[in-house]
Structure formats: C-alpha cells, structure tokens
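Student: The structure's right below; bear with me while I get my questions together.
Values in this text are rule-based calculations from the coordinates and carry no lab data. Since the model is a prediction, treat every value here as computed from it, not as a measurement. Here the Cβ positions follow ideal geometry from the backbone for every residue, glycine too, while neighbour counts run over all protein chains shown.
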Amino acid sequence: MLELVATLQQHDSVEIRLAARTAAAIARIDARRNATLQPDLTHPAWAAVERSVTVSRTTASRWRDDAWQAVGEGLIAPADAQALSDQLEPRGAA
C-alpha cells in the first residue's frame with residue numbers, strides 16, 4: 001500500500017521547462033483570465049525558462065491549455081505549445 005501511495009504522489013508533479021515566449025504567453029493569458037495587472041515577469045511560469053522546475057500536474061496542465069490558447073490567438077507558434085504538451089505526455093504515449 002505504501003508503494004502505491006508513493007507512486008501516486010510521484011505522478012502529482014512534473015518537471016517543466018519553457019521557452020521565454022511561451023512563458024510570456026502563459027503569463028498574459030493567466031493574467032487576463034484572473035483580471036489581474038500582475039506583471040509578466042512575476043508569473044511562476046518564468047521560473048521554468050532558465051531551468052526545469054517541478055510543478056503540480058494541475059499547474060502544468062493549465063499552462064499547457066494556456067499555451068494552446070496562445071497559439072489560437074497568434075501569440076506563439078504551435079511548435080512551442082507542442083513542446084510543452086510533450087513534457088506532459090510524450091507523443092505516441094496514448
């Protein structure tokens with residue numbers, strides 16, 4: 001049972017690394033959704049630009065959704081959003 005719990009806890013987080021343009025787009029989408037005036041550079045996504053960071057799977061999924069929304073708005077290229085998606089579930093994993 002303890003092994004099962006440990007395995008589940010490991011899957012609750014994921015390591016993410018972002019391109020600067022992707023972090024900027026995520027920060028912009030998130031600020032708009034939350035109706036905040038938070039400057040882009042204070043958003044947590046920026047921590048993942050220079051190095052990999054560990055975030056909850058929920059946060060990573062939200063960032064992925066924001067990145068794909070940014071693609072739809074023309075803020076980033078599809079390849080940028082796909083790079084983030086691949087960190088959550090590598091292509092062909094399904």
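Student: Under a point spin-label approximation (7 Å from Cα along Cα-to-Cβ), what is the Gln38-Ala83 distance to one decimal in nm?
Tutor: Reported label-point gap for Gln38 and Ala83 is 2.2 nm.
Student: Amide H to amide H, which residues 5 or more places from Ala77 or on other chains are under 5 Å from it, using H placed in the peptide plane?
Tutor: Here the answer is none, since no amide H 5 or more places off falls under 5 Å of that of Ala77.
Student: Something else: Given N residues in region 29-87, what is its alpha carbon radius of gyration divided by 2.2 N^0.38 Å?
Tutor: 1.10
Student: Between Glu15 and Arg51, what length comes free when the chain is fully extended (0.36 nm per residue of separation minus the Cα-Cα distance, one decimal in nm)?
Tutor: 12.0 nm
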